[in-house]
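Working notes, beginning with the structure itself.
The values are calculated or read from the model by the stated rules, or taken from the named source; none is laboratory data. Bear in mind that the values here come from a model prediction, so they are computed numbers and not experimental data. For neighbour counting, all protein chains shown are included, and Cβ atoms are generated from backbone atoms with ideal geometry for every residue, glycine included. Just the protein is used for accessible areas: all its heavy atoms, side chains included, with ligands, DNA and RNA removed. Shrake-Rupley method; radii C 1.70, N 1.55, O 1.52, S 1.80 Å.
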Amino acid sequence: MTHASHVSGKATQQQTKAHNDSLVLSTIYEADEISRAAIARRTGLSRTSAGEAVGELLARGLVEEVGRGRPRLGKPPILVRMKSDARQLIGLDLSGADFRGAVINLRGEIRYALNLARDGRSGQDALELVYVLVDRLVAEAEAPLLGLGVGTPGLIDLRRGSPVHWAVNLDWLDVPLRDLLETRYGVPVQVLNDSQAAAMGEYFFGAHQSTGNLVVIKSEEGLGAGVVLEGRLLHGDHFGAGEIGHVVFTNAGRPCRCGNHGCLETVASAGAILRAVRAAAGADPRSALHQVARCDQPLDMEAVASAYADGDSAVCEIVHEAGRGLGMAIATLVSTLNVQEIVIAGGVTRLGEPLLDIARREVLTRCLEALARNTRIEFSAIGADITALGAAAVLLHQELAIWPLKPRMAGAMIGVKD
């Protein structure tokens, strides 16, 4: 045997072993508790190969033996299960007025969460705040870190090692975020657009009735959509699929940081709504929020929702405009993709059902009735951690070849590190 063929054969053996380990780990994960014999039956591996893979996973501390099950015949089998906290992941969401992060275990359970106020930071200052956030989360981890999953605003170029090509609200241009974090923390890092991460969070953790197709519209400081089609996250030819926030909604609208005027995100993002309400209420002495706006006191969506419910005219006009903007975007997505599950996430959800009602009515007036009537438009029930959970789910798949939950459709690959 030549040296080259020996090396090739060794590589093939290593690949087979890695494949078997991943297959067995995925099977244990989905079964919760399972015997070695049952693993062999489900995977199609021989009992010897399945047993060797279980032994390897036991040695790595990823699984544990948990007693004996009921036998069909003979001796009761020893059961094994995944150790949920054998490794932990850090998920980040950099899309809001606060940077948010969480320490998450292998089952997608949040062990610790932290918000740090961004206070308008951008550029290098925003990057330094990311480091502060991760440093504090690393200190809270109680198991070895599997890696970091990051949901960030902007276009993420997967072909070039996932740099943040352009994040308007953070003033990032070609920031090699993945490389910077991997170098600093010495663990694998996955970076994806925050709306796409939110779509993965909803897809695997949400309560919706998925057909494998799903659109999540995330409204925080910016606004974007994550699109899942037939179980696959849609990136687009230049990784800009779902960048609906910079579609011009009105030519006479407010200036946007992208350089245009009247972009949808200047109307319907949570940050834009709060800024518009502060300006309008500050100029209208009749508004219930006039003093709050004039004295530069904290203003949140709960206060806006309350003022809307009370019929505050300064607030009602802004909320109606935001709802119409969302409805226009949804109608376009429904007419183009024929996706019946539309989920809205982010700070804007605190406005409650009135915002959904406005958006639903707008969809009915803007697209084919047969499509509109079959479209479900709802808020996500996951809450503030939807993006961090989605980013962590992608990292978990890349590193251990398992999803937090079984995908509704096969082949939900997201993108492989180069």
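For the chain, adding -39500 (n - 2.57) for each run of n ≥ 4 DSSP H residues and dividing by the number of residues yields -13500 deg cm²/dmol at 222 nm.
Between E230 and D174, the contour length at 0.36 nm per residue exceeds the Cα-Cα span by 17.1 nm.
Heavy-atom accessible area for R232, with the other protein chains in place and a 1.4 Å probe, reaches approximately 130 Å². Among H246, H261, the order of accessible area from largest down is H261, H246, computed with a 1.4 Å probe on protein heavy atoms. Under the simplified labelling scheme, the T16-R111 pair shows an inter-label distance of 3.6 nm, with each label point 7 Å from Cα along Cα→Cβ.
In the context of the full protein assembly, V191 retains an accessible surface of approximately 0 Å², using a probe radius of 1.4 Å and ignoring ligands and nucleic acids. With a simple spin-label model that places each label point 7 Å from the Cα along the Cα-to-Cβ direction, the separation between R70 and R160 comes to 6.0 nm. Length gained on full extension, L364 to N338: 8.0 nm, using 0.36 nm per residue less the C-alpha separation. Rounded if a/c is under 1.5, else prolate if a/b is larger than b/c, else oblate: which is the stretch 106-182, with a ≥ b ≥ c the root eigenvalues of its Cα gyration tensor? Cα axes put the stretch 106-182 in the oblate bin.
Going through (i) 63, 20, 18; (ii) 44, 23, 21; (iii) 66, 21, 19, the figure that equals semi-axes √(5λ) of the Cα gyration tensor in Å as computed for the structure here is (ii).
Could you state the number of Å between the C-alpha centres of the stretch 228-251 and the stretch 35-112? Cα centroid of the stretch 35-112 versus Cα centroid of the stretch 228-251: 35 Å apart.
Remind me, relative contact order of the stretch 328-382 in percent, using alpha carbon pairs under 8 angstrom and six or more residues apart?
On the way: 52 pairs, mean separation 30.8, N = 55.
Reported relative contact order: 56 percent.
For H320 and S46, the FRET efficiency from 1/(1 + (r/R0)^6), where r spans their Cβ atoms and R0 equals 56 Å, is about 0.30. For the chain, the solvent-accessible area works out to 45 Å² per residue, with a probe of 1.4 Å and every protein chain left in place. Were the residues from D296 through R60 laid out at 0.36 nm apart, the gain over their Cα-Cα distance would be 79.5 nm.
The listed residues W403, W166, once ranked by accessible area (1.4 Å probe) with the largest placed first, stand as W166, W403. Rolling a 1.4 angstrom probe over the chain with all protein chains present gives an accessible area of which 49% lies on carbon and sulfur atoms.
Please work out whether the stretch 263-418 counts as rounded, prolate or oblate from its C-alpha gyration tensor, where a ≥ b ≥ c are the square roots of the eigenvalues and a/c under 1.5 means rounded, while otherwise a/b larger than b/c means prolate and anything else oblate?
Judged from the Cα gyration tensor, the stretch 263-418 comes out oblate (a/c at least 1.5, b/c at or above a/b).
In percent, rounded to a whole number, the relative contact order of the chain is 16, using alpha-carbon pairs under 8 Å and six or more apart. For K17, list the aspartates and glutamates whose Cα falls under 14 Å from its own Cα; do not include residues on the same chain fewer than 8 positions away. Reachable aspartates and glutamates: E52, E56.
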